[in-house]
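So the structure is just underneath, and the comments pick up after that.
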């Protein structure tokens, strides 16, 4: 081998060695970064079986203010002059396995109700975080946490809302689980311990309509898994 060839070969080997060293450093860096990544986790709390206490749901009605509707198969949100109805629902997050750590970051929490009946046109249903206790077998129109004043609490205090109705342009116009209903900030507060989980109350955005405007949903008491109320929570934990 000539001297020139020997020098060229030496330079090539040195270059390859440097390249492998750089490649090894990149791989090590990639591995370290990958280990630092935390996968998303999802918890789904479903109202099943119908006897579960992890989920409670009930409807309250203005026209029968002393009656409890915590054991029926459907629940309604209604806007009507003297017959308004509201839905109350709560999901116990201890039903999540594994448990969601208090330091977890809640990326998305969605309330899922199965709609079976729709109001004429397109109505807005507001979702409010309940701030006082209630029971599935005890809550009535007169004892509900927010009181009996119509359109209270005000729209500006809602956690989120969704549209539902027979109008083709309405967000939810056919039977099935509703779209919308983002309760991420509420669930984040429950997990962090900055708010107590008393669930949510749903009411028509404009109660007291001259004509009945009702949306209907399946309750846990129906006992149909494919229509059971759900809370879906997606979160990440701190490494």
Of residues in the stretch 94-109 being touching a residue at least 60 places away in the same chain (Cβ under 8 Å) and out of contact with any strand residue (DSSP E or B) (no Cβ under 7 Å at 6 or more places or on another chain), the one farthest from residue 220 (Cα to Cα) = 103
The listed residue being at pLDDT below 95 and farther than 21 Å from residue 178 by Cβ, out of 98, 65 = 98
Please find, within the stretch 64-98, the residue that is surrounded by the most Cβ atoms within 10 Å (Cβ to Cβ) out of those that are under 22 Å from residue 133 (Cβ atoms) and in contact with a helix residue (DSSP H, G or I) (Cβ under 8 Å, 6 or more places away or on another chain).
-> 93
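The values are calculated or read from the model by the stated rules, or taken from the named source; none is laboratory data. As the structure is a computational prediction, the values presented were derived from the model and not from experiment. Don't worry about glycine lacking a Cβ; one is built from the backbone with ideal geometry, like all the others, and counts go over all protein chains shown.
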